[in-house]
Amino acid sequence: MKIGLIADIHSNLLALEAALERLRNIDEIICIGDIVGYGNYCNECVNLIKQRRIPTVTGNHEWAVVTGDTSWFNPVAAEAIQWTIDHITKENLDYISKLPTFLRRQIDKYSLYVVHGSPRSPIEEYIFPDVLDGLLEEFLKQTQANVLVMGHTHVPFIRKLGRNFVINPGAIGQPRDNDPRASFMILDIENEKIEIEQVRVEYQVAEAARAIERAGLPPLLAQRLYYGW
Ligand code: ZN
């Protein structure tokens, strides 16, 4: 059983399409939140996620678009949330308002737990790669998961703790680890064996950046795509 894990798409349709192309023969895809925000293709990305029936948890950007509360966003991110509120269809707003805060999957002997931020703070907390083992072990215990998947930081990592794993697949639409390519992971569970592959795919960054500028969004959101930060 192979599961594609994608997170933090951020309305970047070209990056999402490139990732889905690479994942076309996969058994299932799960999205770890933040379909929207920052970029201009909010409806196109939500439509694609719906069309492909990709189970998705809610991210902080979905929450901000649904509630209109951007009080803890920086000004550039807040501007993009307002842009999204102004452009998202009623249907898609309704869809993102109903996303669950976490997902569980049982695959063979392994229990998978998926959340955007962290198990104790599903849409707010950032868990970066330098997190101590102790906290991750606590999360694994709390969720009773063998594989805990989180997003939100846009920085990929894989941590093995005994027979369990904690992973962040990185960001599809706005990587922040100095590599502009779309980042995601493939979880391969077979006969009680787990393998996790980190994948990077190139996409038309310049075209995505131009689309953001044309839409009238802050130019910084276009420029950062070139650098991956
Ligand atoms: Zn994000």
Inset, instruction - Report, to the nearest whole %, how much of the accessible area of the chain belongs to carbon and sulfur atoms, 1.4 Å probe, protein only. - result: 47
Inset, instruction - Give the relative contact order (percent, whole number) for the chain; include only Cα pairs under 8 Å separated by 6+ residues. - result: 24
Inset, instruction - Tabulate in residue order the Karplus-calculated ³J(HN,Hα) for segment 52-57, using 6.51 cos²θ - 1.76 cosθ + 1.60 with θ = phi - 60°, rounded to whole Hz; enter x for Gly and Pro. - result: 7, 6, 8, x, 9, 9
Legend entry - Where segment 1-146 is the region considered: accessible area per residue in Å², 1.4 Å probe: 46
Inset, instruction - Whole Å is fine, so just give me how far the alpha carbon centre of segment 43-66 lies from that of segment 1-39. - result: 10
Legend entry - Tyr126, Tyr41, reordered so the largest accessible area comes first (probe 1.4 Å): Tyr126, Tyr41
Legend entry - Under 5 Å, built H, 5+ apart or other chain: amide partners of Gly33: Asp8, Val57
Inset, instruction - Give the relative contact order (percent, whole number) for segment 77-170; include only Cα pairs under 8 Å separated by 6+ residues. - result: 21
Inset, instruction - Please report the relative contact order for segment 33-125, taking Cα pairs under 8 Å with a sequence separation of at least 6, and give it as a percent rounded to a whole number. - result: 32
Legend entry - Extension reserve of the Gln51-Asp188 stretch, reckoned as 0.36 nm per residue once the Cα distance is removed: 46.9 nm
Legend entry - Karplus (6.51, -1.76, 1.60) ³J(HN,Hα), θ = phi - 60°, over segment 103-113, in Hz, Gly and Pro reported as x: 9, 10, 9, 9, 10, 6, 8, 9, 9, 10, 10
Inset, instruction - Enter the Cα centre distance for the pair segment 128-197 and segment 91-118, rounded to the nearest angstrom. - result: 15
Inset, instruction - Quote the accessible area belonging to Arg52 in square angstrom, nearest 10, computed with a 1.4 Å probe and with ligands, DNA and RNA left uncounted. - result: 110
Inset, instruction - Please give every one of the lysines within straight-line cross-link reach of Lys141, meaning a C-alpha to C-alpha distance under 22 Å, and leave out same-chain neighbours fewer than 8 residues apart. - result: Lys109, Lys160, Lys193
Legend entry - Candidates Gly39, Gly117, Gly68, ranked by Gaussian network fluctuation over the chain, Cα under 10 Å, top entry: Gly68
Inset, instruction - May I ask you to list the lysines whose Cα is less than 23 Å away from that of Lys98, ignoring any residue fewer than eight positions away on the same chain? - result: Lys50, Lys90
Inset, instruction - With only Lys, Arg, Asp and Glu charged, each at its Cβ (+1 for the first two, -1 for the last two), find how big the charge dipole of segment 25-94 is about the Cα centre; round to the nearest 20 debye. - result: 120
Inset, instruction - Just the number, please: percent antiparallel of the DSSP beta bridges in the chain, rounded to the nearest 5. - result: 70
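The values are calculated or read from the model by the stated rules, or taken from the named source; none is laboratory data. A quick note: this is a predicted structure, and the numbers were derived from the prediction, not measured. Ideal geometry is used to build each Cβ from the backbone, glycine not excepted, and the neighbour counts take in all protein chains shown. The area values use the complete protein model at the heavy-atom level, side chains included, leaving out ligands, DNA and RNA. Shrake-Rupley method; radii C 1.70, N 1.55, O 1.52, S 1.80 Å.
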